[in-house]
Amino acid sequence: MRARLGHVFLTGVVLTTVAGGVVWLQDPHSARIWWAVATAAAVVPAAWWVVEDIRAKRFGADVLAVLALVGTLVVGEYLAGAVVAVMVGTGHALDDYARRRARRDLSALLDRAPQHAQVRQAGGLREVEVDAVVPGDVVVVRPGEVVPVDGVLLGDATFDESVLTGEPDPVNRLRGERVRSGVLVEGTAVDVQAASTAQESTYAGVVKLAEEAAAMSAPVVRVADRIATVFLPVAVLVAGLVTVMTGDLTRAVAVLVTATPCPLLLAVPVAITAGMSRAARVGVVLRDGQALEALGSARVAVLDKTGTLTVGRPVVVDIVPAPGWTASGVLGVAASVEQLSTHVLASAVVEAARTAELPVEPAQDVHERPGHGVGGRVGSSTVFVGARDEEPAQDWERAVAGKARLDAATPVWVKADGKFIGALLLRDPLRREAGRTVRRLRAAGLRRVVMLTGDRPAVAQDVAGMLGLDDVVARCAPADKVARVREERSGGITVMVGDGINDAPALAAADVGVALGNRGSAAAAQAADAIILDDRIDRLADGVEIAAHAKRIALQSATAGMGLAVVAMGFAAVGLLPAVGGALVQEAIDVAVILYSLRALLPLRHRRMRPETTRLLARFDAEHTLLQEVRDAVRVAADGLHAGMTADAAEAVRHAHRLVVERLLPHERAEEHELYPVLTAEFDDQHATVPMSRGHAEIERLVRRLGRHLDESGGLTADQVDDLRATLYGLDAVLRLHFAQEEESYFVLADSR
């Protein structure tokens, strides 16, 4: 209603004012009539907007416009009144354009929501309402269609996820992977087994947020109206004093005309709404302007651990083979039977084998014992993968059990033909972008970062220590999280980030609740004030930076505009600025400030990697994954020396040295000579990679020391065991630290925006 009235109003007053200007060339008296009509016509919609504002509990901005219009009619300054009318109409039109422009990305989310789905049934395909899809249904999604519900892929597929994540490149997903509703299918049709209803899918929560964001005005406009509430009596007082002291009512009207800030105050919600749009483009959908303003003012972040700071699913972090076996051999055997299991640990084992590019043989006679493990035949061997009932008997088995306890990892034992051949250690690892996210949050102004988790204290303290958090609370129930969030709010505006159902109460209790929408629960999405659409915690830092930027622009717009208006009022009060001139000056101020507010739509100036740098980072990142076998061999060789220099231990040392020399050192040298010079130029800092180069030098030193042991005349002997173990364990520690530093400091930049 308001937008339609604004367009009609602007068109009418502009045509009437222009007509008056044309007539003025022939008959100045008739021109005044045209301008008087434009002014009088503007009073009605302006008064209507005042009524609307009062109903919305806003007051101040449009009142000055009505006073100025009425004042120009009273004193006969019809041209000034017409200019004010054009100014008011232009401001409302600009505001309407900015809102439509800023919400275009949010509207795209709503437009993509599918209404129907093709469900595969016994008689073929049947089209049903999307709300009729239930978990277990097989939905066929054709190329160019949007996936209607969250589900599991029944075949490989390619998706366009750009509307949700902002990433332009198509994403390949494999059979068995989860797929989100809202993504677009490319290439060929794909079958998706529904894992939830449409109402419970993550995209439903996103659509709900987008609808609310499109329906609500930015609450920060109330701040602008409070400014206007103060400014209004000041302007009226100045106009009254001018009237009393000079007796010149025309000069007083000039003051009111100059003080008219209607479009100016609209610049504030324009900036806030533009910031919401900018955030949506990087994958952060905000519920309303109040959420954006609060996010931009946040001083405390409370973060859930599982699924937020950690990956949220088990990953194979270590492989310990029995004497005579290799890590890749144990993993390959385990994956052969696990590939037919639906257990969450099984998918982690299969994923580890796929990442290591190991050949996985088909298994026969596979059978699963719920809660215990899965067995089958691989080649001529009978294989079992899972938990063990008996206590560890051999030294290496006891070492695995102890390592699992210390690392808070889950051991998965692998048995072939009745004998244990190795064990896999699984743990929920830290997201590699988590450390960089925490640093960016602190740089954005957050003074305190706290982690809450239901996990054990030892695990929680390790994660908090790695990230440098200010505090950590373990074994938190939902009520404990709510209590802690409320406690943290006393220290400043608090952001709570989580993804599970148990996080929903804490999300609702925070000043700003942020849910991870990719794998987060529907309850968390509904309780949140913002949703991160993809599975990247660093989008939180993007959102905070964008919100702070938009809020800063809004405040700059209000401050600059009001300051210029006060200066213009001073000139009008002493008679140096007539009503017509004051109207034109205020028009220029208002339009300029509104256009300045649209800067919030522009992306922040983050460093963007050159394409060749990104390709190098991706290449060496992939090599890190493939080098896991080499790192495992180093650790296995060190562990194998616990019983002395046996034949198997000596062979493990030689094997580890061979892999390090043939595969690891070429990788490290290529990084030093190909990647690091490019990064030094990229960062324009000759010292940017010095710590990493020092790591390379230490790796080379330890490998040379290992080689000297092997070059000793007479071969490896018992008196070398202690130093060999120290060398191998030292190499293992340096490699773990060095790889983690590179991945967190450099490789994560390859896919960040």
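Each reported figure results from applying straightforward, stated rules to the coordinates on display, with no laboratory input. Fair warning: this is a prediction, and the values are worked out from it, not measured in the lab. Methodologically, a virtual Cβ is constructed for each residue, glycine included, from the backbone with ideal geometry; neighbour enumeration extends over all protein chains shown.
With a 10 Å radius around each residue's Cβ, average the other Cβ atoms per peptide and rank 351-364, 441-454, highest first. Provide the component values of the computation, followed by the final result.
Values: 351-364: 16.0, 441-454: 19.4.
By packing density, highest mean first, the sequence is 441-454, 351-364.
To the nearest 10 degrees, how steep is helix 78-102 against the longest Cα principal axis of the chain, on a 0 to 90 scale?
Between helix and principal axis, roughly 10 degrees.
In what sequence do TYR729, TYR78 fall when counting other Cβ within 10 Å, fewest first? If you can, show how the numbers build up before the last one.
Values: TYR729 17, TYR78 24.
Listing TYR729, TYR78 from fewest to most nearby Cβ atoms yields TYR729, TYR78.
On C-alpha positions alone, give me the angle between the axis of helix 478-488 and the longest principal axis of the chain, in degrees, nearest 10.
Long axis of 478-488 versus the principal axis of the chain: about 50 degrees.
Please tell me the relative contact order of segment 611-750 in percent, rounded to the nearest whole number, where contacts are Cα pairs under 8 Å and at least six residues apart. Intermediate values should be presented prior to the final figure.
Values: 107 pairs, mean separation 52.0, N = 140.
With pairs under 8 Å counted, the relative contact order is 37 percent.
Give me the mean projected area, in nm² to one decimal, of the convex hull enclosing the Cα positions of segment 317-418. Mind dumping the intermediate values first?
Details: hull surface 25.3 nm².
For segment 317-418, averaging the hull's shadow over all directions gives 6.3 nm².
Using +1 on the beta carbon of Lys and Arg, -1 on that of Asp and Glu, and nothing else charged, what's the dipole of segment 302-450 about the Cα centre, debye to 20? Present the calculation step by step, with values, prior to reporting the outcome.
Numbers: 20 positive and 17 negative charges, 246 e Å.
Roughly 1180 debye for segment 302-450.
Starting with the fewest neighbours, write out LEU286, LEU664 ranked by other beta-carbon atoms found within 10 Å of each beta-carbon.
Working: LEU286 31, LEU664 21.
Least crowded to most crowded, the residues run LEU664, LEU286.
In degrees, nearest 10, range 0 to 90: what is the angle between the Cα axis of helix 579-597 and the longest Cα principal axis of the chain?
Value to nearest ten degrees: 10.
Under 10 °C and 1.306 mPa s, how fast does segment 579-722 diffuse according to Stokes-Einstein, given a Kirkwood radius computed over C-alpha pairs? Answer in µm²/s, whole number.
On the way: Rh = 19.9 Å.
D, rounded to a whole number, is 80 µm²/s.
Which net charge results when you count Lys and Arg as +1 and Asp and Glu as -1 among the other residues whose beta-carbon is under 11 Å from that of ALA335? Let's see the in-between values first.
Working: positive: ARG354; negative: GLU338, GLU351, GLU361.
Computed value for this residue: -2.
For ILE33 and ASP711, compute 0.36 nm times the residue count separating them, minus their Cα-Cα distance, and round to one decimal in nm. Could you put the intermediate results ahead of the total?
Numbers: separation 678, 0.36 × 678 = 244.08 nm, distance 10.62 nm.
Here the segment from ILE33 to ASP711 would lengthen by 233.5 nm.
Would you compute, for the Cα atoms of segment 280-342, the largest minus smallest coordinate along each principal axis and list the three values in descending order, in whole Å?
So the three principal-axis extents are 62, 25, 19 Å.
Relative contact order of the chain: what whole-number percent is it, with Cα pairs under 8 angstrom and at least 6 residues apart? It would help to have the intermediate numbers written out before the result.
Values: 1416 pairs, mean separation 101.8, N = 753.
Computed over the chain, the figure is 14 percent.
Under a no-solvent Debye model with one identical scatterer per Cα of segment 669-709, what's log10 I(q)/I(0) at q = 0.24, 0.28, 0.29 Å⁻¹?
Here log10 of I(q) over I(0) equals -0.76, -0.90, -0.93.
Antiparallel DSSP bridges in the chain: what percent, to the nearest 5? The partial results should precede the final answer.
Numbers: 55 of 74 bridges.
For the chain, the DSSP antiparallel bridge percentage is about 75.
At q = 0.05, 0.07, 0.08 Å⁻¹, what log₁₀ I(q)/I(0) does a Debye calculation on the Cα points of the chain give, no solvent, two decimals?
-0.37, -0.65, -0.79
Show that you can apply the helix-only estimate: for the chain, add -39,500 (n - 2.57) for every DSSP H stretch of four or more residues, divide by all residues, and state [θ] at 222 nm to the nearest 500.
Only helices count here, giving -18500 deg cm²/dmol.
In which sequence would THR158, THR17 go, from the one with the fewest C-beta neighbours within 10 Å to the one with the most? Each step should come with its number before you reach the end.
Numbers: THR158 15, THR17 24.
The fewest-first ordering by Cβ neighbours comes to THR158, THR17.
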